[in-house]
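Everything on this sheet refers to the single structure shown next.
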Amino acid sequence: MLGDLVIIGAGETAEIAYWYFTRHTLYEIVAFSSEREFIKDDMLFGLPVAPFEELKKTHPPSEHDAFVAISFARLNRLRTRLYNETKRKGYVLTSYISPHAFVWENVEIGDNCFVFEDNVIQYYAKIGNNVTLWSGNHIGHRTVIGDNCFISSHVVISGFCEVGESCFLGVNSCVIDGVKVAKDCYIGAGAVVVKDTEEGKVYIGNPARILKDSLP
Ligand SMILES: CC(C)(COP(=O)(O)OP(=O)(O)OC[C@H]1O[C@@H](n2cnc3c(N)ncnc32)[C@H](O)[C@@H]1OP(=O)(O)O)[C@@H](O)C(=O)NCCC(=O)NCCS
């Protein structure tokens, strides 16, 4: 066994993480954890949902690793806050990389990443901390993905691209080679990004254009 793991979150993403870690890793999931005001049920899959505020007492970081499994809501702000707080509490944040992903041997992947099946991560790509790559994306050679990004599904990011931190890339969007997506961008489903983007904007269409300044 790799040891005991606490999943931070108790919603849909946390449930999915539970199954992926259970099926594909040697961790034993021992608890979920949510901030007290968001706890709806004390148990999930027969495991306790521990209040996040007391996690160090109930499941100390000396004996447990953690994985923050929260959705991309509010452009990744909630999952980023919980990632930072969990790290500050002293937990080792582990990453999940599907055995059905293809990750070239010189790729760097940070902590608390969630890499689903059918992702292809090519030669010398770099993936930051707390990045989700949902199923079936292509991350081209030497491309760098910043911390806290959420790449949804069937996204193509070509070679030599840079994606700034906390971006969301919608299903079937693509970024042509060498383009820089600025931080906090929301790239809509099916958008084709052909030139560098402006920070914090929402893009749609082919070629991608600004739809609005930001999402609420
Ligand atoms: C870009 C996006 C965030 C815009 O959402 P929104 O702010 O609620 O915008 P609206 O739905 O009000 O649409 C505004 C206009 O843009 C158009 N539009 C919205 N998203 C579009 C897209 N991805 N491509 C092309 N046009 C789009 C709408 O048709 C609408 O056009 P209209 O004014 O002519 O009727 C959203 O449509 C989107 O693409 N989200 C990504 C979804 C996704 O990938 N989910 C994966 C989950 S894992």
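The values are calculated or read from the model by the stated rules, or taken from the named source; none is laboratory data. Model, not experiment: these values are computed from the prediction. Ideal geometry is used to build each Cβ from the backbone, glycine not excepted, and the neighbour counts take in all protein chains shown. Quick note on the areas: whole protein, heavy atoms, side chains included, nothing else; ligands and nucleic acids left out. Shrake-Rupley method; radii C 1.70, N 1.55, O 1.52, S 1.80 Å.
General remarks:
- Meets criteria (touching a Phe, Trp or Tyr at 6+ places or on another chain (Cβ under 7 Å) and under 22 Å from TYR83 (Cβ atoms)) for SER166: no
- If the condition is being open to solvent by less than 20 Å² (accessible area, probe 1.4 Å) and within 14 Å of the ligand (Cβ to nearest atom), then the stretch 154-167 contributes VAL155, CYS167.
- The number of residues in the stretch 131-149 being open to solvent by 10 Å² or more (accessible area, probe 1.4 Å), within 24 Å of GLU12 (Cα to Cα) and among the hydrophobic types (A, V, I, L, M, F, W, C) comes to 1.
- Just so you know, in the stretch 189-216 the residues that are part of a loop (DSSP other than H, G, I, E, B) and near the ligand (Cβ under 8 Å from one of its atoms) include one that is farthest from the chain's Cα centre (by Cα), and it is GLY205.
- Test: ASN148 is within 16 Å of the ligand (Cβ to nearest atom) and in a loop (DSSP other than H, G, I, E, B): yes
- Verdict on ALA125 being more than 16 Å from the ligand (Cβ to nearest atom), buried (at least 21 other Cβ atoms within 10 Å of the Cβ) and on the phi < 0 side of the Ramachandran plot: yes
- Residues (exposed (fewer than 13 other Cβ atoms within 10 Å of the Cβ) and closer than 14 Å to LEU93 by Cβ) located in the stretch 1-48: LEU2
- Boolean, LEU78 is open to solvent by 40 Å² or more (accessible area, probe 1.4 Å), over 11 Å from VAL6 (Cβ atoms), aliphatic (A, V, I, L, M) and part of a helix (DSSP H, G or I): yes
- Selection count, the stretch 99-122, where residues are open to solvent by less than 10 Å² (accessible area, probe 1.4 Å) and assigned to a loop (DSSP other than H, G, I, E, B): 4
- Test: PHE52 is buried (at least 20 other Cβ atoms within 10 Å of the Cβ) and within 24 Å of VAL131 (Cα to Cα): yes
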